[in-house]
1. For residue 136, are the conditions met, namely being closer than 16 Å to residue 107 by Cβ, touching a residue at least 40 places away in the same chain (Cβ under 8 Å) and surrounded by fewer than 22 Cβ atoms within 10 Å (Cβ to Cβ)?
2. Can you find a residue that is more than 27 Å from residue 21 (Cβ to Cβ) and assigned to a helix (DSSP H, G or I) anywhere in the range 122-137?
3. Take residue 144 and decide whether it is part of a loop (DSSP other than H, G, I, E, B) and either in contact with a helix residue (DSSP H, G or I) (Cβ under 9 Å, 6 or more places away or on another chain) or more than 24 Å from residue 80 (Cα to Cα) (or both).
4. Report yes if residue 48 is buried (at least 19 other Cβ atoms within 10 Å of the Cβ) and touching a helix residue (DSSP H, G or I) at 6+ places or on another chain (Cβ under 7 Å), otherwise no.
5. What single numbered condition from (1) over 21 Å from residue 138 (Cα atoms); (2) without any contact (Cβ under 8 Å) to a residue 40 or more places away in the chain; (3) surrounded by fewer than 20 Cβ atoms within 10 Å (Cβ to Cβ) fails to hold for residue 92?
6. So, residue 77, is that one within 22 Å of residue 111 (Cβ to Cβ), free of Cβ contacts under 8 Å to residues at least 60 places away in the same chain and more than 13 Å from the chain's Cα centre (by Cα) or not?
7. Identify the residue in the range 201-217 that is in contact with a helix residue (DSSP H, G or I) (Cβ under 7 Å, 6 or more places away or on another chain) and assigned to a loop (DSSP other than H, G, I, E, B) and, among all such residues, is farthest from residue 138 (Cα to Cα).
8. Based on this model, can you work out whether residue 84 counts as touching a helix residue (DSSP H, G or I) at 6+ places or on another chain (Cβ under 9 Å), surrounded by fewer than 19 Cβ atoms within 10 Å (Cβ to Cβ), outside any loop (DSSP other than H, G, I, E, B) and at negative phi?
């Protein structure tokens, strides 16, 4: 029998924040396989988490950061987010899961990361900043359908408008990578942000100008 959503949450987040992370333990494969999580169920659980981040209250931000690397990262040993590119999972459900990421940044990331983004030192900030860098698609022809790509770009556009420096730089970092395949679209989003954002910090504005040309590291 597949693990419950609550059991899945504990499996992902209820571990000491340490190096190496829990999912690099030798017994990881046996443990994860025992949960019997199908691709469709993974998408369902990801969506539930993104829509209701209150589920993360029992965990520290360092534990959440570790969980983000595990869930989103393309090099994660379980590669949960790769299910968003699997055609066997209904496209409608995969698109809805990606759309739910906006709510996660709005309801959890922005309130948890006020002030200056510390994406070079704070583990939680780093994980959120790297969200679209470690996501398993930059919009290439072999990495998801066009509707998946458009959903990702829309989320980045929405997160860019949140009054949070970390959210803004995370979205810009993603748009910088997606410039490779969607140059006109990413430039439009960034230009609109710069034109309408009177409260943009100098740091974010400088980052946006580099991201507009796909020139950020």
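1. Judged against the criteria, residue 136 is not a match.
2. No: the range 122-137 contains no residue that is more than 27 Å from residue 21 (Cβ to Cβ) and assigned to a helix (DSSP H, G or I).
3. Judged against the criteria, residue 144 is a match.
4. no
5. Result: residue 92 passes all but (1).
6. For residue 77, the condition - within 22 Å of residue 111 (Cβ to Cβ), free of Cβ contacts under 8 Å to residues at least 60 places away in the same chain and more than 13 Å from the chain's Cα centre (by Cα) - is not met.
7. Once the filter is applied, the top-ranked residue is 201.
8. No, not satisfied.
Computed from the coordinates by the stated procedures, all read-outs in this text should not be read as laboratory data. Note that this is a predicted model, so its numbers are computed, not measured. Cβ: placed from backbone, ideal geometry, glycine included. Neighbour counts: every protein chain shown.
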